[in-house]
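Every number in this text was worked out from the coordinates using simple rules, so none of it is lab data. In this text the structure is predicted, and so the values were computed from the model without any measurement. Glycine gets a Cβ as well: all are built from the backbone with ideal geometry, and neighbour counts include every protein chain shown.
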Amino acid sequence: MDWRSFAQQMASVARDLLAQDSVGSTLARITRSAVERVPGCDAAGILLLHGTRVETLAPTHDLVVDSDRLQEDLGEGPCFDAARPSTDERVFRIADFTDEQARWPMYAVRAHGLGVGSMMGFLLYTEDEELGALNLYSRRPGAFTDESETAGWLLASHAAVAFSCARSHSQLEQAMATRHLIGEAMGILMGRHHLAEDQAFDVLRRYSQENNVKLREVARQVCEKGGLD
């Protein structure tokens with residue numbers, strides 16, 4: 001591999017990732033870059049683990065979804081382990097699924113049946129948080145080399161920072177939108193019922209608690225219907 005050229009490509013990818021305008025587009029660019037830039041990679045996806053439930057993000061092929069669903073059903077697998085919080089294994093590489101039954105015996109056999117020949121996975125993490133796992137698939141045994149692993153690790157490092165930034169930006173935008181929505185709902189209640197600002201907010205808060213409905217949704221109902229039922 002021409003590492004100088006690859007470094008230039010990674011720099012371009014890093015800039016491209018940070019230029020994306022949503023979490024979804026950032027994740028799609030990450031997995032697409034894996035297929036384009038990592039030698040041997042035929043498909044890629046990002047796996048998030050919620051307890052024992054698996055969430056697949058930005059898969060480039062149905063093979064990724066099928067593999068993640070299989071790991072969830074079996075409760076075992078490399079991606080499942082790599083995405084687990086506080087895992088000690090931040091990188092894994094499976095050279096040949098016909099010879100990988102010691103660690104994940106049930107998954108290895110059935111993944112081979114799906115057409116998986118070899119795999120790599122990288123924990124996506126920053127100094128402050130763990131974000132899931134970037135998983136790369138090949139239909140050929142032995143497709144991933146040391147160079148592939150280095151390339152994947154570099155991509156995952158850039159991807160983790162971009163993913164974290166995109167998610168933080170999305171959360172900030174959502175918080176601002178929620179604040180605006182609540183303010184609009186308070187204004188409606190203040191005008192209709194002649195309430196002070198703190199009284200209007202207390203009406204929203206009590207309704208939220210008593211009906212087990214998120215405050216944002218209570219505010220939306222007020223804005224759409226002009227009041228509360």
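Before moving on, here are some points about what is shown:
- Label-to-label distance, His50 versus Glu36, with points set 7 angstrom from Cα along the beta-carbon direction: 3.0 nm.
- Semi-axes of the equivalent ellipsoid of segment 172-225 are 17, 13, 10 Å, computed as sqrt(5λ) over the eigenvalues of the C-alpha gyration tensor in descending order.
- The ranking of Glu76, Glu184 from fewest to most other beta carbons within 10 Å of each one's beta carbon is Glu184, Glu76.
- Listing Phe97, Phe92 from fewest to most neighbouring C-beta atoms within 10 Å gives Phe92, Phe97.
- Potential lengthening between Ser157 and Arg192 on full extension [0.36 nm per residue; Cα-Cα distance subtracted]: 7.3 nm
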